[in-house]
Structure formats: C-alpha cells, structure tokens
Amino acid sequence: LKAACRIRRLQADANVTVVVKENTFGYSTCGMAYFLSGDIDQSKDLISTPAGTIKDEKYFRDVKGVEILTGHEAVSIDRIARFVRCVDLNSNSPKTLPYDRLIIATGSSPLLPGIPGITLPGVEYFHTLEDAIKTRKELETGKIGSVAIIGGGFIGIELCEAFRAMWGVDVHLVELRSQVMSGILDPELSRLVESELIEQGVNLKLGCNCREIRKVENGLELILGSGETITVDRVIAVTGVIPNTRLADGIGLNL
C-alpha cells in the first residue's frame with residue numbers, strides 16, 4: 001500500500017491496483033497486541049487515520065487514487081504477456097490484470113515449529129487482525145483462562161502482558177533458548193525483562209522445548225522436554241515467520 005500510494009504521487013495518471021487476499025487490509029500489525037490488551041479499544045482503530053477515517057477500499061480510491069481488490073488471490077504471473085491471474089475468493093471467478101510494472105509484496109506466513117500437535121484446534125498463531133479479534137472475543141466471553149505462549153520474542157512478550165494485565169489469564173511462556181528476546185537483547189537486559197515477567201505472574205519456561213501438544217478433555221496439554229506437562233485452554237505459537245515466495249519462485253526470480 002505504501003508503494004501504491006507513492007507511485008500515484010509520483011505519477012498522477014498511473015492506474016494502480018493492489019490485489020489483497022484478505023478482506024481486511026492495511027492495518028497496524030504492531031498494534032494488534034495492544035488491541036488484545038484493551039489499550040486499543042476497537043479493531044477499527046488499527047485501520048483508521050489519526051482523524052478517525054477508516055482506510056477501506058473507498059478511502060484508497062477517493063483519497064489516494066488507488067484501486068484495492070480485496071478477497072482476490074494472485075495465483076500466477078505471466079512475465080512475457082505481462083499479466084497477473086487472480087481468483088475472486090468470494091465467487092471463485094477468475095480475473096486477469098495486465099501490468100506495465102509489477103510489485104510483489106506478499107508478506108509472510110507463520111513459521112510453525114516441528115511439534116507434533118501444532119495444528120490442533122486451539123493452537124493459534126496471532127498473525128492477522130482476524131486472529132486478534134477472535135482471541136479477544138474469546139477472552140471477553142471467558143473462554144480462555146489459561147494460555148501457553150511458545151516463543152519469547154517481541155510478540156510473545158507483548159502477548160504475556162496483554163493476557164496478564166487486562167484479563168488476568170494464567171500465562172506460561174515456553175522459550176527454547178536460555179533467555180527471552182534472544183538475539184535482540186544481551187543476557188543482562190533479558191534478565192530485567194524476565195524479572196518483570198515473573199513479577200507480573202508469568203510462568204517462565206526458559207531453555208525448554210515443547211515435545212508435543214495433545215488434545216485432552218479440559219483443553220490442550222503441552223509435554224515439555226523436561227517431562228513436565230502444562231494444561232491450558234489455548235496455545236499461541238509465535239516462533240517467527242517465513243516469506244511468501246511462491247509467486248516469485250514460480251516465475252523464476254532469484255530469491
């Protein structure tokens with residue numbers, strides 16, 4: 001979206017179209033944890049201008065001069081004929097878009113650890129706004145009383161705060177390395193973060209892997225490398241992302 005708007009400013013007569021697979025787009029991903037915590041009251045605040053205007057298709061068309069095709073998936077690219085083949089996910093009808101220039105900005109997908117049971121119902125990844133909305137609704141209706149977070153990076157730490165401070169949920173943080181925010185903070189600073197987490201009631205499991213996730217009668221059971229088991233209502237895996245390179249790879253671009 002940044003590129004689309006910039007192109008339109010530089011070349012006012014350009015026809016700029018953005019193909020978006022999701023129906024909700026252009027939101028502030030770094031604010032999702034704060035929506036979950038209640039610091040941001042409504043999800044629409046994440047897709048609004050500072051003046052409160054929602055940045056939807058009409059906004060981009062009328063204000064930015066950019067056409068947004070939501071609910072459309074780009075499935076292939078023809079570099080010789082210069083067009084993109086798309087599918088309207090609502091009607092399953094095909095659409096072909098010609099181009100003079102093409103920007104591939106396909107983002108990322110959650111990197112799922114190789115843990116048996118990682119795809120069970122109740123295991124979530126907190127990757128999209130829809131994920132955040134779903135989890136907050138479950139919190140508001142009392143469906144989540146305990147959660148295990150796999151991954152002690154930025155998002156994992158923010159989720160610990162969101163679950164504890166606003167909702168008082170029992171939180172277990174499982175991190176494979178011996179410190180939180182490994183590769184970001186040195187050990188001394190990590191110890192400060194860990195002390196704060198413990199003070200806020202987070203149960204830290206550092207230097208500990210998750211061997212398996214099982215469905216049990218009262219939720220999900222994590223079997224840790226130490227042999228310890230944790231039973232929770234939800235598991236959230238935030239162990240990194242991988243780039244969505246299928247389209248680029250499919251047309252032979254160097255990756």
Can you check how the C-alpha radius of gyration of the stretch 117-255 compares to 2.2 N^0.38 Å, as a plain ratio? 1.13
Accessible area of the chain with a 1.4 Å probe: how many percent of it is carbon plus sulfur? 51
Any of Lys44/Lys134; Lys64/Lys137; Lys64/Lys134; Lys137/Lys205 with alpha carbons more than 23 Å apart? Name them for me. Lys64/Lys137; Lys64/Lys134; Lys137/Lys205
Inverse of mean 1/r across different Cα pairs in the chain, Kirkwood, Å: 20.6
Could you work out the helix-only [θ] at 222 nm for the chain, with each DSSP H run of four or more residues adding -39,500 (n - 2.57) and the total divided by the number of residues, to the nearest 500 deg cm²/dmol? -6500 deg cm²/dmol
With equal scatterers on the alpha carbons only and no solvent term, can you work out the Debye log10 of I(q)/I(0) for the stretch 21-95 at 0.11, 0.17, 0.28 1/Å? -0.41, -0.80, -1.19
What is the sum of charges around Phe154, taking Lys and Arg as +1, Asp and Glu as -1, for the other residues whose C-beta is under 13 Å from the C-beta of Phe154? -3
Given the options Glu140, Glu22, Glu221, which has the most mean-square fluctuation in a GNM of the chain, springs set between C-alpha atoms less than 10 angstrom apart? Glu140
Mind jotting down the distance between the C-alpha centroids of the stretch 191-255 and the stretch 86-164, whole Å? 13
Computed about the Cα centre, the charge dipole of the stretch 95-219 from +1 Lys/Arg and -1 Asp/Glu charges at the Cβ has a magnitude in debye, to the nearest 20, of 480
At a Förster distance of 25 Å, what's the computed FRET efficiency of Ser226 paired with Asp186, Cβ-Cβ distance as r, to 0.05? 0.45
Rounded to 10°, Cα long-axis angle of helix 154-165 versus longest principal axis of the chain: 60
Point-to-point label distance, Thr24-Arg246, nm (Cα→Cβ direction, 7 Å offset): 2.2
At 1.4 Å probe size, with every protein chain present, just tell me what the per residue accessible area of the chain comes to in Å². 57
Across bins of 5 angstrom width beginning at 0, how are the C-alpha pair distances of the stretch 24-144 distributed, in whole percent? 2, 8, 14, 15, 17, 16, 13, 8, 4, 1, 0
P(r) of the stretch 183-255 over all Cα-Cα pairs, 5 Å bins starting at 0, rounded to whole percent, reads 3, 11, 14, 15, 16, 13, 9, 9, 7, 3, 0
Using a 10 angstrom cutoff on alpha carbons, build the Gaussian network for the chain and name the most mobile of Val66, Val216, Val171. Val216
Given charges of +1 on the Cβ of Lys and Arg and -1 on the Cβ of Asp and Glu, with all other atoms neutral, how large is the dipole of the chain about its Cα centre, in debye to the nearest 20? 1060
Charge tally in the Cβ shell below 11 Å around Ser37, where Lys, Arg are +1 and Asp, Glu are -1, Ser37 excluded: -2
What's the extension gain from Asn15 to Lys58 if we count 0.36 nm per residue and subtract their Cα-Cα distance? 13.9 nm
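The values are calculated or read from the model by the stated rules, or taken from the named source; none is laboratory data. Values in this document were obtained by computation on a predicted structure and should not be read as measured data. So basically every Cβ, Gly included, is an ideal-geometry build from the backbone, and we count neighbours across all protein chains shown. Keep in mind that these areas ignore ligands, DNA and RNA; they rest on the heavy atoms of the full protein, side chains included. Shrake-Rupley method; radii C 1.70, N 1.55, O 1.52, S 1.80 Å.
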